[in-house]
1. Rounding to the nearest 20 debye, state how big the charge dipole of the protein assembly as shown is about its Cα centre with +1 on each Lys and Arg Cβ and -1 on each Asp and Glu Cβ.
2. Consider a paramagnetic label point 7 Å from the Cα of residue A:82 along Cα→Cβ; state which residues of segment A:138-168 have an amide N under 16 Å from it.
3. Could you work out how far helix B:194-220 tilts from the main Cα principal axis of chain B, as a 0 to 90 degree angle to the nearest 10?
4. Just need the relative contact order of segment B:156-299 here, percent rounded to a whole number, with Cα pairs under 8 Å and 6+ apart.
5. Could you work out which residue, out of A:39, A:14, A:204, moves most in a Gaussian network model of chain A, that is, has the largest mean-square fluctuation with Cα springs under 10 Å?
6. Largest first and in whole Å, what are the equivalent-ellipsoid semi-axes of segment A:193-294 based on the Cα gyration tensor, each being the root of 5 times an eigenvalue?
7. Anyone know which of A:188, A:65, A:220 comes out most mobile in the 10 Å Cα GNM of chain A?
8. Which whole-number percent is the relative contact order of segment B:2-285 (Cα, under 8 Å, 6+ apart)?
Amino acid sequence: MPLLPLAGGAIIALVAATFAFPWLEFVLTLAIAKGLAALGVAILLRGGLISIGHAMFFAIGAYATAFAMRDFGITDVFALILISAVISLAAGLLIGVYVVRYRAIFFAMLNLAISMVLFSLLSKFYGVTGGTDGLRVGTPTVLGMVLEAKAVATFLFYASIAAMVLAGFAVNAYFKSPLGEALSAVHTNEIRLEYLGIPVRGVLLIAYGLSALLAGIGGTFAAMTIGHVLPDMAYWTDSGHLVLVAVLGGISGIGGPFVGAVFLELVHTLAAGVTDAWNMIVGTALLGVIFFMPKGLIGFIRPAKKGDAA
Amino acid sequence: MFETIVPLLIDGLANAALIFLVAVGLTLVFSVLRVLNVAHGSFYSIGAYAAASLGLWVVGAGLPGWLTFVSLVLSAALVAVIVGPVIERTLIRWTYGKSEAVQILVTFGLFLILEDLQRIVFGVDSFYEDTPVQLLGSIEIGGVVYLTYQLVLILLAAALFVGLKLFIGHTRIGKLIAAVVADREISQAMGINTNRVFMIAFSLGVFLAALGGALTVPQAGVSPGLGADTMVLAFAVAAIGGLGKIEGAAVAAVIVALARVLTIYFAPELDAVAPYLVMLLVLLVRPYGLFGSATTRKI
């Protein structure tokens, strides 16, 4: 049961890092937000499905937060997270009904197409979405208390860690449940599952909904932390980055996507002062991991054991 | 209505002609190598940057204007000869037979590297070089003035489509490509050097994308982000037509052009959405695209 020490170690490391370097708080909150979305992508990868459109659910979660604040005057942080979670889950199930009928490249490209539809709509309907300028997201309140921005940022940091741990345990339980095992089995051999009488599309739809939910929660954290949402959040290269984060960290377990996200955000922040060839570094790192480290970065932290899901 | 629709249609078809060149290269590479190259759009923008640089040099050196036409094709050929074999030999070759997820990721990594390389080499400024458009001038048909260059683009794309079909059906190397597409293992058993065929097909795909990029410079110029934007459009066109089908890419490019004209006319704000909506609709009815065929499932 390596998840408990992993979670404990992650919490201690993250909190200690922000005590040593307070400016890391923003970077790490954002990294965890992206890690949540990457975990969603990793769920689909477990079923052998690659989505290059998952940033759309990140964007849906973020815009749901922005709309709830602007149009309905909801400012409570928990209410915003709940609203974004419900909306992104609903969007995931709706889109999932269509895309789980497809596999492999067609699944990837349909997700891409739908995310580009969302991106175009967000960019074009200036009156509703603020167009390419995006929307401002105000400082949320916490359980009715109006706190200053700095306190809210710290609160969001700890809330994102809590969300990460909760999501980690939940997804781990899901992977170990019959539903989760069926998802891995889709990857291994779909037709055998059908012969066993297991509805493959149902299994995939649940996985898709769950992955959309995680991405949406990541999106709402990003929206509240950055204080701004942009159509670019749904652009296809951002979706590619989410898959990249998952694979870079390692998709064999729960920790990988978060390790990948934190690693990338840290490198991004540190490299920003030295060079602007950021994408080149990331692309090279991705190729290096795929070619030489099939288990991802987390393979360093957690030595491979017998029975690890590949 | 006629006076507004026809210019829109010419403009739409001229843009579709360029997207067709990218999509047909993508689909050709996919059919031969069985790799979906996410970095394919980068060859479009590299071709555009190469053409802009060469064209500006030709004009700057005071050479005759007609040489800019040569420079367009020459820059695409240079990109194909230099970039194509190198990338196929080093990166793409490694992904043969791997899962789609790995192929998409490796080529996405390549896309990120190529995008940054272009930004480092060419900066973030836009480039324009429109000598070819000026030299060709405009013609008036039925009281409406058209850019001759756009008409040439449409004819050129049609000619390239026919040429590609003839090349694959009637030349030795084309027939080798067709054989590898039909059955890779049997081709190898018959003594076809498949590695060489892969390299040629990939470089041909690069050439078509780079040519599309080169041809866009005289009418629209080149700026950062062009490769990423073109990539998704080419995906949509290739998917609508059926991945791996050359006729499919051609028909799909025309359909997308018509859809865009209609949306620009009736709902201009939905212009950018049209290609993807067409793709979603087509794949809903025909899951493998218009010309695609279902693959058998193996137990």
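Just so you know, all these numbers are worked out from the coordinates, no wet-lab data involved. All figures in this text were calculated on a predicted structure; none of them were measured in a lab. Because the Cβ atoms are built from the backbone with ideal geometry, glycine has one as well, and the counts that use them run over all protein chains shown.
1. Working: 30 positive and 29 negative charges, 422 e Å.
Dipole size: approximately 2020 debye.
2. Label zone hits: A:141-145.
3. Orientation of helix B:194-220: about 20 degrees from the principal axis.
4. On the way: 97 pairs, mean separation 25.5, N = 144.
Result for segment B:156-299 is 18 percent.
5. Top of the fluctuation ranking is A:14.
6. Equivalent-ellipsoid dimensions as semi-axes: 29, 20, 11 Å.
7. A:188
8. Details: 417 pairs, mean separation 109.9, N = 284.
In percent, rounded to a whole number, it is 39.
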